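**Q** Could you have a look at this structure, given as structure tokens, before my questions?
The values are calculated or read from the model by the stated rules, or taken from the named source; none is laboratory data. Being a predicted model, the structure only gives us computed values, none of them experimental. With ideal geometry, Cβ positions are generated from the backbone for all residues, glycine too; neighbour counts draw on all protein chains shown. What goes into the accessible areas is simple: the full protein's heavy atoms, side chains included, and nothing from ligands, DNA or RNA. Shrake-Rupley method; radii C 1.70, N 1.55, O 1.52, S 1.80 Å.
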Amino acid sequence: MQIGIPQESKQQETRVAATPKSVAQLIKLGYEVLVEGGAGAHAAFPDADYVQAGAKIGNRAEVWASDIVVKINEPTSAEIAAMKKGSYLISLIGAPRNPELLEKLAAAGITVLAMDSVPRISRAQSLDVISSMANIGGYKAVIEAANVFGSFFTGQVTAAGKVPPAKVFVSGAGVAGLAAVGTASSLGAIVRATDIRAEVAEQVESLGAEFVGVEAESQKSSDGYAKEASEDYAAAAARMYAEQAKDVDIIITTALIPGRPAPRLITKEMVATMKPGSVIVDMAAEAGGNVEGSVPDKIVTTENDVKIIGYTDLPGRLPTQASQLFSQNIVNLIKLITPEKNGELTLDLDDVVQRGMLVADKGEVTWPPPEVKVSAAPSAGPSAIPSATTASAAQREALVPASKETKKPLDKRFTYALLAVCALALLALFTITPIQLVSGFLVFALSVVIGFYVIGNVAHSLHTPLMSVTNAISGIIIVGCLAGMTFIDEAVPAFGGANLPILILSVLGILLASINVFGGFAVTQRMLKMFKKGGE
């Protein structure tokens, strides 16, 4: 089968659905690839590179007559008319907001796989174009804000005076929001972020930002996408946004609800309280905007000199990188629907991923797909237990499973008595042991306590580098055990004598520490391989 890669007809679109690298991968799967002349020019991919990768260069009519057409944006009526009946289209469709487009595609007999309808499940992450583009958009949003903002992001102390760091507030901690948080943090700004899902606070904090919660019951997503907030939550959030608007220099909003207009988060009154020179980037401008007064693809300057950026093509402003990520998502999809690697597309409608992406097939509209239970959904069952904030003590006690006995906490008096007995036993042991052993035991006890608190306070993202430290400590243990073994009298038999305990402890120490060292290096090496390309 032939795959056609047309040049995008949407105004200001700079991306292309396939790169020379992805073309080579598609050819390995048994397909012929036809690229429209100049399709990759805006993304820095000349026609010669496609030819070198094994593709052919054709005109627009030839590309749209291919068995499979792969593109970025939804097709126009003229482009649909140029496709042949029974062909396949793979692109962004916007199924929830484009029922008329789905009817046209179905009437033309085209089978359509929507790249923006990928189910939010772990197995489909490699196909998730929305996340790929949101990642680029979040990064570019910060760069655009920095370009307009009239000061440094990072604080500086110079001979001419002190420059405070910029304060950045990010609304929404999805893929785009987290990308914006990470970029702003890396530029040295003071970053805060909020989200309707309180469970993402740890992700925000891991990027060096502060999570700003809302004093209302948090919302949970059942499908990985944001949900509309309750009235109580919206009122509490409005108060929080008003406070942040007065304090920060830059606001980036990323809130979107699939199939619905973007929620209004920042009002004109809030904008009016911002400092002159502040910047707002409304990443939801195309869907109606999170910010009152934003205009798609425009920069609006308010009366108090606040600039509102409403660019809708943020990923396209990094066309080379965006095309690379989009094309890799396409390759991953083609691999999924070409199980035999023979250049023949085969749909498996029993696969929830393929069925979820299929929006038109054999003259029929197949949107919406059957509901898919995803990992983001909270486990629901007939005996769901209310949360600690909503259930009374009597409810929680009544909902404890009958098959499990409730564990009663130990009596405090018994605990104190047990600690006293252990302390007396330890003191008695110290009275009959050499002073060297007592001092060594105290050092050991203090080391355990200090090590516990030090390692316990290390961020999760640093646990793997921490293995290098544990390897060094284990190496010291091995050296110490070897030194201890040298004190054994040569006359003592190998398996008996006064120094037998030292020998046994030294051997065990060397064995356990060696396991830790070799295991640590093995895990570290495996981790490093994840950052290497397959050919290296």
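**Q** For the charge dipole of segment 24-146, defined by +1 on Lys and Arg C-beta atoms and -1 on Asp and Glu C-beta atoms about the Cα centroid, which residue among VAL33, SER126, LEU105 has the Cα displaced farthest towards the positive pole?
**A** SER126
**Q** Could you tell me which GluC sites (Glu not before Pro) in segment 301-371 are loop residues by DSSP with no more than 10 other beta carbons within 10 angstrom of their beta carbon?
**A** In loop regions of segment 301-371 (DSSP not H, G, I, E or B), the sparsely surrounded GluC sites (Glu not before Pro) are GLU303, GLU340.
**Q** Computed FRET efficiency, Cβ-Cβ of SER514 and PHE414, R0 35 Å: what is it to the nearest 0.05?
**A** 0.25
**Q** If you roll a 1.4 Å probe over the heavy atoms of the protein chains, what accessible area per residue do you get for segment 13-122, in Å²?
**A** 40 Å²
**Q** Take a quick pass over segment 291-375 and tell me how many lysine pairs come in under 27 angstrom between Cα atoms, counting only ones 8 or more apart or on separate chains.
**A** Qualifying lysine pairs in segment 291-375: 5.
**Q** Which order do peptides 29-40, 189-200 fall in by mean Cβ count within 10 Å, highest first?
**A** Sorting 29-40, 189-200 by mean packing, highest first, produces 189-200, 29-40.
**Q** What order, most packed first, do the peptides 71-81, 518-528 have when packing is the mean number of other Cβ atoms within 10 Å of each residue?
**A** 71-81, 518-528
**Q** Under 5 Å between amide H atoms, partner at least 5 residues away or on a different chain: which partners does GLU210 have, H built in plane at 1.01 Å?
**A** Residues meeting the amide H criterion: VAL191, ARG192, ALA193.
**Q** 5 Å is the cut-off here: which amide hydrogens, built 1.01 Å from N in the peptide plane, fall below it relative to GLN156, excluding neighbours closer than 5 in sequence?
**A** Under 5 Å from the amide H of GLN156: VAL163.
**Q** Further, regarding this structure: Quote the FRET efficiency, to the nearest 0.05, computed for LEU426 versus LEU500 with a Förster distance R0 of 35 Å and r equal to the Cβ-Cβ distance.
**A** Working from the Cβ atoms, E equals 0.90.
**Q** Here is a further query. Excluding ligands and nucleic acids, what accessible area in Å² is computed for ASP232 using a 1.4 Å probe, to the nearest 10?
**A** We get 120 Å² for ASP232.
**Q** Any chance you could run the full-extension gain for GLU202 through SER447? It's 0.36 nm times the residue separation minus the Cα-Cα distance, nm to one decimal.
**A** Length gained, GLU202 through SER447: 85.3 nm.
**Q** Here's something else I'd like to know. Probe of 1.4 angstrom, ligands and nucleic acids ignored: what's the accessible area per residue over segment 229-342, in square angstrom?
**A** 45 Å²
**Q** Going from most exposed to least, what order do LYS140, LYS84, LYS412 have by accessible area with a 1.4 Å probe?
**A** Result of the area sort, largest leading: LYS412, LYS84, LYS140.
**Q** What whole-number distance in Å separates the alpha-carbon centres of segment 154-174 and segment 8-32?
**A** Centre-to-centre (Cα) distance: 40 Å.
**Q** Please give the solvent-accessible surface of ILE510 in Å², to the nearest 10, using a probe radius of 1.4 Å with every protein chain present.
**A** Near enough 40 Å² of accessible area.
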